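Where a number appears in this text, it was derived from the coordinates with a stated rule and is not lab data. Worth saying up front: this structure is predicted, and the values here are computed from it rather than measured. Here the Cβ is made from the backbone with ideal geometry for all residues, glycine too, and neighbour counts use every protein chain on show.
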Amino acid sequence: MSEFDQMYREVILDHYKNPRGHGELEGADAHAEGQNPLCGDEVSIFVVFGEDGDTIDEVKFSGRGCAISQAATSMLTEMVKGRTATEVGVLDKEELLEEIGIPLTPVRLKCAMLGLTTLKVALHRAKGTPLPDGLAGFDELELS
Amino acid sequence: MAVTAQTKLNAEKLRADFPIFDQEIRGKRLAYLDSAVSSHKPRQVLDKLRTFYETQYANVHRGVYTLSEVATAEYEGAREKVARLVNAPEPRELIFTHGATESINLVAYAWGLDNLGPGDVVLVTELEHHSNFVPWQYIAKRTGATFKAIPLDEHGELKLDSLEELARGGNIKVVANNLVSNALGTINPVERLTAWAHEQGAIMVVDAAQAAPHHEIDVQQLDCDFLAFSSHKMCGPTSVGALWGRAELLESMAPFNLGGHMIRSVKLEETTWGQLPYKFEAGTQPIAEAVGFGAAVDYVTDVGIAAIEEHERELLVYALERLADVPGFIGYGPPPERRAGIISFNIEGIHPHDVAQVLDMEGVAIRAGHHCCQPLMSKLGVAATNRASFYLYTIPDEIDRLVEGLHKTHKLLGQ
């Protein structure tokens, strides 16, 4: 398979063109917005917890961005639904990268991580879970 | 500036001067359409750097020994070449800096801090690169002056009919504009703007970083007060650039960087400043880079700046014609006659990062992003655009490969 086909493999294109969990949740329990000024990506993440106040019942995202960021965030919503905030707060980024399953250059890695970073910030705000790695002194992603 | 008849340039032939094109990238010949951000370097410049370091190098203006004199002559010779390029009345008005950004910061700090205050207006445009926008916004804030921007019309051209309204907002003291927009290629009416600025009693600061490599510049004809440009966009080394300024203004200004070499005498009580241009060249300068800049000026003037501009205009017309057939193509910028060799565009529904990535797989290098022009991007209502830009070594085949790559991008990622 050529490098080209790897990067835009079918599953990436499928998530990009038919994103899962796309939309917004009114009255979400957790919410954050992230931007990557490098390429203009923006993502908003909304989370609703189940009755135990910890399990992620619903998660949605909205925003604009490149195929990699949109597909990665779409995959992320599938990955974290049904897990607890405590678990997702410390989710290893390698797990998401494995799911994405394509070689990423350092620049594109930032695109791929935008959704996860923003989700972790949302959970941190709502539940006090740890901030994502390296967020202290972050200069590439701006989180509002 | 003397107008000489230029012969048409042969880009295929000139390309052989640029070693970067000898290699393959991702198994393909390099199609380099990102010269607006930085140009490649010809052998003539690379050879000069090597010769200079190997046989002529020493620190300048300091030694009494022969080698230092040779190096100084090379460095000052480069200053004369760069000064001649923009038809500066005197070489001492040409300050070597680390690039156009530092040149503009020099003016913003050294002139702005002492000459701006409440009630004054610093006027930029919505088309500026951040380098001619952020320093002015910052210095205006520091001094209590008002910061305003001349708006753009839908083609990315300045709305000069807004000037009178803007002038009512206070005492216009600085007008800062790029001669050519790096994001859209717009060639701005700097001569007209300068005349208006002077009527207001303002100084005119021209960012020529994008113009100097492609467009003949005559500071005496423009009648501006300061002009900033960089070496690396015009076949020269990085980390060196120039500021041309009127001698009387430069002489009246406080220094910018302070330290060695820029002084007349240093005493415990007081230090006095050296003559132009040294007053603004503190510390050891990028000496070899400046010499390389001089070699780059020789190279582009041998090719002919007018011939470069004409070559790029032909490529622009050809590219716009071919790009019109790409599904979803949205172009930005003025018509070719008022535009340099830059095409800013989007493919409907596809993020520029994806476009640039797919093109990279085809060996085609373009830029995707905000091009350091976020105010312009928000005016256009986009986060980013793709940008293809040309130079003297650009050939039609590279444009064909761009167009083919865009068709492929649309097929793959189009909705």
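Taken over the range A:3-143, lysine pairs spaced eight or more positions apart, or on distinct chains, with alpha carbons under 17 Å apart number 9. Note on the protein assembly as shown: the alpha carbon radius of gyration divided by the globular reference 2.2 N^0.38 Å gives 1.08. Calculated FRET efficiency, B:Q374 to B:N171, Cβ-Cβ distance, R0 = 25 Å: about 0.35 to the nearest 0.05.
The Rg/Rh ratio of the range B:176-331, with both radii computed over alpha carbons and Rh defined as the Kirkwood radius, is 1.07. Mean partner shielding of peptide B:297-308, defined as the number of other chain Cβ atoms within 10 Å of each residue Cβ, is 0. Rounded to the nearest 20 debye, the dipole magnitude of the range A:1-102 is 380 debye, with +1 charges on Lys and Arg beta carbons, -1 on Asp and Glu beta carbons, and the Cα centre as origin. Any idea what angle helix A:67-80 forms with the longest principal axis of chain A, computed on alpha-carbon atoms, 0 to 90 degrees, nearest 10? For helix A:67-80, the angle is close to 40 degrees. In sequence order, the range B:211-217 has phi-based couplings of 8, 3, x, 10, 9, 5, 10 Hz under the Karplus curve 6.51 cos²θ - 1.76 cosθ + 1.60, θ = phi - 60°, and Gly or Pro positions carry x. If you add up the charges near B:W111, with Lys and Arg at +1 and Asp and Glu at -1, over every other residue whose beta carbon is less than 10 angstrom from its beta carbon, what do you get? Summing Lys/Arg as +1 and Asp/Glu as -1 gives -1. Pairs of C-alpha atoms in the range A:33-72 farther apart than 12 Å represent 62 percent of all such pairs. Peptides B:108-120, B:36-48, B:178-190, A:93-105 ranked from most to least packed, by the mean per-residue count of other Cβ atoms within 10 Å: B:178-190, B:36-48, B:108-120, A:93-105.
Residue exposure proxy: B:Y332, B:Y57, ordered by other Cβ atoms within 10 angstrom of their Cβ from fewest to most, comes out as B:Y57, B:Y332. Computed on chain B, with alpha-carbon pairs under 8 angstrom and 6+ residues apart, the relative contact order is 22 percent. Here, the range B:73-202 has an Rg and a Dmax of 15.7, 50 Å when only alpha carbons are counted.
Normalised by 2.2 N^0.38 Å, where N is the number of residues, the C-alpha radius of gyration of the range A:3-143 stands at 0.97. Most tightly packed first, judged by the mean number of other beta-carbon atoms within 10 Å of their residues, the peptides A:23-33, B:281-291, B:200-210 read B:200-210, B:281-291, A:23-33.
Hey, what's the Kirkwood Rh for chain B if you take every pair of different alpha carbons, in angstrom?
Details: mean 1/r = 0.0448 Å⁻¹.
That comes to 22.3 Å for chain B.
Need one value for B:344-355: mean number of C-beta atoms belonging to other chains within 10 Å of its residues' C-beta atoms. Kindly include the intermediate steps, with their values, before the conclusion.
Working: counts 0, 0, 0, 0, 0, 0, 3, 12, 3, 13, 12, 1.
Going residue by residue through B:344-355 and averaging, the value is 4.
With the simple spin-label model, which puts each label point 7 Å out from Cα in the Cβ direction, the B:A73 to B:R26 separation comes to 4.9 nm. Panel order for B:L315, B:L9, B:L268, by other beta carbons found within 10 Å of each beta carbon, from fewest to most: B:L268, B:L9, B:L315. Note on B:K379: lysines with a C-alpha under 20 Å away, same-chain residues under 8 apart excluded, are B:K148, B:K159. Provide the FRET efficiency to the nearest 0.05 for the B:H198-B:E90 pair, computing r from the beta carbons and using R0 = 25 Å. Efficiency, from the Cβ-Cβ distance: 0.75.
Dipole of the protein assembly as shown (Lys/Arg Cβ +1, Asp/Glu Cβ -1, origin at the Cα centre): which of A:H15, A:M75, B:A36 lies farthest to the positive side? Of A:H15, A:M75, B:A36, it is B:A36.
Separation of the range A:15-87 and the range B:276-312, taken as the distance between their Cα centroids, equals 51 angstrom. In the range B:268-363, one over the average inverse separation of all distinct C-alpha pairs is 18.1 Å, which is the Kirkwood hydrodynamic radius. In this rough spin-label picture, where each label sits 7 Å from Cα along the Cβ direction, the B:N59-A:D54 distance is 6.6 nm.
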